[in-house]
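Structure record follows, encoded as structure tokens.
Since every read-out is calculated from the coordinates, none of them should be taken as a lab result. Keep in mind that what you see is a predicted model, and the values were worked out from it rather than measured. Cβ coordinates were reconstructed from backbone atoms using ideal geometry, including for glycine residues, and neighbour counts include every protein chain displayed.
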Amino acid sequence: MLFRQSLFQSVLDRLDTEEDTSEQEEAAHRIRGLNVSFAAAVPGGETPETHRPDEAYRDNLGDPIIPPEPEPAPQEPEPPTMPEHLSRTSREEIAAELAITAEHTREILQEKRRGFAKANHPDSVAALFREQATTRMTLANQLIDEAIRRLRR
């Protein structure tokens, strides 16, 4: 610490002197006359002034870009056809389809319910046919529930 200077001031003075010596060292290593960027000749004998960088970019692209053909307008899908079994919505037709007999056990009746639901559940058919599927499921469930009640007697 120098006389009558704070520690902070003495550090600033030292940094100033170090900065001056580093500038002198850099100047000694610099080659005079090359302080601008160096531009080499472009292949083909063109000078850099006549060569456009965007042309080099286009040269690397290869074939010209051909815009894709517009996609044809989407065709409306054909309306779904109703499965034949959904047209049978009477109680007698569903009873014949289930073929419930007095010998069936509760487990067999539950299997019939699951199998019927797998083929006829409203969630597994198109929206247009949900009403028919709901009717079929309702009647099948009623028939199977009645058969299970008769087993208890």
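Could you calculate the FRET efficiency of E111 with T134 from 1/(1 + (r/R0)^6), where r is the beta carbon distance between them and R0 is 25 Å, rounded to 0.05? It comes to 0.70.
Here the gap between A95 and E78, fully extended at 0.36 nm per residue and compared with their Cα-Cα distance, gives a gain of 2.8 nm.
The value of relative contact order for the stretch 88-152, using C-alpha pairs under 8 Å at least six residues apart, is 44 percent. Protection proxy ranking for 133-140, 67-74, using the average of other Cβ atoms within 10 Å per residue and placing the highest first: 133-140, 67-74.
Which of the listed residues, Q110, A99, L86, is farthest toward the dipole's positive end in the stretch 84-125, when Lys, Arg count +1 and Asp, Glu count -1 at the beta-carbon? Value: Q110.
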